[in-house]
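The next block holds one structure in the form of structure tokens; read it before the comments.
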Number of protein chains: 2
Amino acid sequence: MELYLIRHGIAEEHQPGLKDQERQLTKEGRQKTEKVAQKLIKLELNFDLILTSPLSRARQTAEILIAAKLSSQLEESSHLAPDGNIENWLKDWYYPQNYPAKTQLALVGHEPCLSSWAEILLWGEVKERLVLKKAGMIGIKLPETGSPLGRSQMFWLTSPKYLL
Amino acid sequence: MELYLIRHGIAEEHQPGLKDQERQLTKEGRQKTEKVAQKLIKLELNFDLILTSPLSRARQTAEILIAAKLSSQLEESSHLAPDGNIENWLKDWYYPQNYPAKTQLALVGHEPCLSSWAEILLWGEVKERLVLKKAGMIGIKLPETGSPLGRSQMFWLTSPKYLL
């Protein structure tokens with residue numbers, strides 16, 4: 001199983017009367033995310049499923065990936081919201097699915113959540129040592145059997161600037 | 001200080017009568033490394049210094065980076081040989097140089113040495129959780145003051161296939 005943790009693109013700033021969960025991608029954020037999606041297509045990536053945080057800026061990022069045909073399947077998971085916990089996600093979502101080893105799964109979400117999930121998968125604890133920029137991504141290979149916590153390997157970490 | 005840990009390109013196999021330190025880059029290894037170097041130039045990377053392991057395959061990789069004009073300075077360090085130790089390198093080489101914060105330094109070497117160095121810089125210990133392919137690289141930002149051990153941040157990890 002390969003997991004691609006993708007941070008949402010550049011979104012509009014916080015402002016009075018605008019709920020955090022309704023902040024949209026800016027025009028620049030949308031364009032840069034579209035370019036990243038095109039590059040991922042060129043790299044022949046294809047996800048069996050894209051799972052997104054329900055917040056607008058993540059959902060819009062995931063929809064750009066779907067529009068670029070990086071996957072035909074999109075689902076929401078509340079575990080990917082900013083306060084989400086990877087152990088709950090594994091328990092409620094990952095283990096029950098019992099995906100085969102070759103599955104490629106993309107998770108679209110937020111910082112510092114995604115890089116913390118990556119650190120827990122790799123080293124079993126969070127030390128805030130990974131820099132994940134907006135529309136950037138982390139590629140992690142999960143072990144074929146047993147818990148992935150502290151046992152997974154990272155093969156990719158990139159910001160958009162190194163992709164475009 | 002930004003540190004770019006670069007693994008040598010594809011080299012000829014071990015064979016009787018050929019010393020490990022004299023194994024050369026293959027034609028494919030040379031071509032792929034040249035393409036990576038051109039991509040790094042396109043990304044506007046420039047190193048104040050390239051420090052290489054003295055082994056032929058690393059030295060040849062470093063010379064390809066120099067030929068592409070990624071740096072004008074090339075030096076050898078025995079600490080970058082396959083049994084090199086990062087703490088000795090820091091003590092003998094890094095601390096005495098007292099480089100300014102904006103320095104960009106490339107280290108060309110071997111696995112599993114380079115990814116171990118990265119893990120020690122990030123998390124303070126080696127758990128073999130990073131996958132660094134031949135002609136791939138790891139980008140690490142060191143803190144401005146104090147020891148970088150267990151206190152640095154990773155902003156890039158890529159194999160050639162994601163660059164080309």
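Below is a table of values for the structure above.
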read-out: Where only alpha carbons of the protein assembly as shown are counted, the Rg and the Dmax (Å); value: 20.5, 75
read-out: Environment charge at A:Ser78 (Cβ cut-off 15 Å; Lys +1, Arg +1, Asp -1, Glu -1); value: -4
read-out: Total formal charge among the other residues, if their Cβ is under 15 angstrom from that of B:Gln31, Lys/Arg +1 and Asp/Glu -1; value: +4
read-out: Rotational relation A to B, axis-closest Cβ in chain A, residue and distance rounded to whole Å; value: A:Leu157, 2
read-out: Distribution of pairwise C-alpha distances over chain B, 5 Å bins, in %; value: 2, 9, 19, 24, 21, 15, 7, 2, 1, 0
read-out: Proximal charge balance of B:Val131 [Cβ under 13 Å; K/R count +1, D/E count -1]; value: +3
read-out: Global form of the range B:50-135, assessed from the alpha-carbon gyration tensor, a/c cut-off 1.5; value: oblate
read-out: Simple label model, 7 Å out from Cα along Cβ direction - B:Glu128 to B:Asn85, nm; value: 2.1
read-out: Two-site label geometry, A:Lys42 and A:Asp20: point separation in nm, points 7 Å out along Cα→Cβ; value: 3.6
read-out: Relative contact order, percent, chain B [alpha-carbon distance under 8 Å, six or more residues apart]; value: 30
read-out: DSSP beta bridge pairing in chain B, given as percent antiparallel to the nearest 5; value: 45
read-out: Listed pairs A:Lys161/B:Lys102; A:Lys127/B:Lys127; A:Lys35/B:Lys42; B:Lys69/B:Lys127 exceeding 24 Å between Cα atoms; value: B:Lys69/B:Lys127
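We did not get these values from a lab; they are worked out from the coordinates using the rules stated. These numbers come from a predicted model, not from an experiment. As a convention, Cβ positions derive from the backbone with ideal geometry for all residues, glycine included, and neighbour counts pool all protein chains shown.
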